[in-house]
Amino acid sequence: MLELIDTHCHLTFEPLADDVPGVVGRSRDAGVSGWITVGTSIEDSRRAVALAERYEGMYASVGVHPHDARLVDDAMLADLETVARAGKVVAVGETGLDYHYNFSAPEEQKRVFAAHLELAAGLDLPVVIHCREAFDDTMAILEGISALKRVVFHCFGGAAEQAHLVLERGYFISFTGVVTFKNAHKAREAVKVVPVDRLMVETDCPYMSPEPVRRQKPNEPALMTHTAAFLAALKGLNPEDFARETTKTAKTFFSLEPSA
Ligand code: NI
């Protein structure tokens, strides 16, 4: 039996939130027996923590998505710190920069991203990064904060060149089902340069079901086995070895107890 961890999912999002026991049950049956459910607002982060408290093997990451940076004031950052101190919180994020949509102005995004990093450094928690069309600024801001515990670029969509730069800094990279998509040549080239002790697997569900079940909606953690098998083949490993190695990476990254 495989033992995989979905290192980035949104189990508080509809429609997954309507049937978490079913989602978790199917996931365990498929061999995905750990989950990091990621908050994208203060309220959502609180829900993520509450959910994680109910399930063995489930943990929470807390943060405000860069899309909503414009809404973040000092009071909200204080609330975020309170949530981040809760049990079962294993990371801060997702945080970062998204210049694809620019739902918040870049300056606002940078301010809130830096605040998340300060919080993570202060609490000695790793950071989950969302970076879209903002690679240089993301790297520059990360460089400006010393004492960051560990950093992962989630849903990595960059080229192999960027993966090299990320790895050089000692950061980690996680891949979603997007790598299985027909046109994801660039992402697959990036996979090849990431060693398994820096590589993690995620669904980012309810979005982006992997091939060959891409039409199945919503995406859910059970479907991550397809992504893991695909990545294993790209890395030239059998699925069992790939699962063991990347699960070890995830447990190290998030400081999960061995039985997670
Ligand atoms: Ni996400």
Checklist entry - Just checking, which of Ala78, Ala115 is assigned to a helix (DSSP H, G or I), out of contact with any helix residue (DSSP H, G or I) (no Cβ under 8 Å at 6 or more places or on another chain), at pLDDT 95 or above and on the phi < 0 side of the Ramachandran plot? => result Ala78
Checklist entry - Is at least one residue of the stretch 203-219 touching a residue at least 60 places away in the same chain (Cβ under 8 Å) and of a type in the set (A, V, I, L, M)? => result no
Checklist entry - What is the residue count in the stretch 1-31 for residues that are within 15 Å of Ala52 (Cα to Cα), hydrophobic (A, V, I, L, M, F, W, C) and assigned to a strand (DSSP E or B)? => result 2
Checklist entry - What number goes with the only condition from (1) away from the ligand (no atom under 15 Å from the Cβ); (2) outside any loop (DSSP other than H, G, I, E, B); (3) not basic (Lys, Arg) that Asn183 does not pass? => result (2)
Next on the checklist: With the structure loaded, tell me whether Ala91 is within 16 Å of the ligand (Cβ to nearest atom), under 16 Å from the mean Cα position of the chain (by Cα) and under 15 Å from Glu202 (Cβ atoms) or whether it fails that test.
Outcome noted: yes
Item to check | Subset of the stretch 14-46 [buried (at least 18 other Cβ atoms within 10 Å of the Cβ), within 16 Å of the ligand (Cβ to nearest atom) and not β-branched (Val, Ile, Thr)] | outcome: Leu16, Trp35, Gly39, Ser41, Asp44, Ser45
Checklist entry - Filter the stretch 140-175 for residues that are on the phi > 0 side of the Ramachandran plot and surrounded by fewer than 18 Cβ atoms within 10 Å (Cβ to Cβ); which is modelled with the lowest pLDDT? => result Ala147
Checklist outcome for this item: The correct count of residues that are crowded, with 24+ Cβ neighbours inside 10 Å, within 15 Å of the ligand (Cβ to nearest atom) and of a type outside the set (Val, Ile, Thr) in the stretch 114-139 is 3
Checklist entry - Which of the residues belonging to the stretch 47-69 are in contact (Cβ under 8 Å) with a residue 40 or more places away in the chain, of a type outside the set (A, V, I, L, M, F, W, C) and either within 15 Å of the ligand (Cβ to nearest atom) or within 19 Å of Ala120 (Cα to Cα) (or both)? => result Tyr59, Ser61, Gly63, His65, Pro66
Next on the checklist: Residue under question is Glu245, and the condition is that it be in contact (Cβ under 8 Å) with a residue 60 or more places away in the chain, among the acidic types (Asp, Glu), in a helix (DSSP H, G or I) and under 19 Å from Gly31 (Cβ atoms); does it hold?
Outcome noted: no
Checklist entry - What about Val72, is it crowded, with 20+ Cβ neighbours inside 10 Å and either basic (Lys, Arg) or within 16 Å of the ligand (Cβ to nearest atom) (or both)? => result no
Checklist entry - For the stretch 140-158, which residues satisfy the criterion of being within 16 Å of the ligand (Cβ to nearest atom) and more than 21 Å from Asn102 (Cβ to Cβ)? => result Val151, Val152
Checklist entry - Somewhere in the stretch 53-65, is a residue touching a Lys or Arg at 6+ places or on another chain (Cβ under 9 Å) and surrounded by fewer than 16 Cβ atoms within 10 Å (Cβ to Cβ)? => result yes
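The values are calculated or read from the model by the stated rules, or taken from the named source; none is laboratory data. None of these values were measured; they are calculated from a predicted model. Counting neighbours? That spans all protein chains shown, and the Cβs are built from the backbone with ideal geometry, glycine included.
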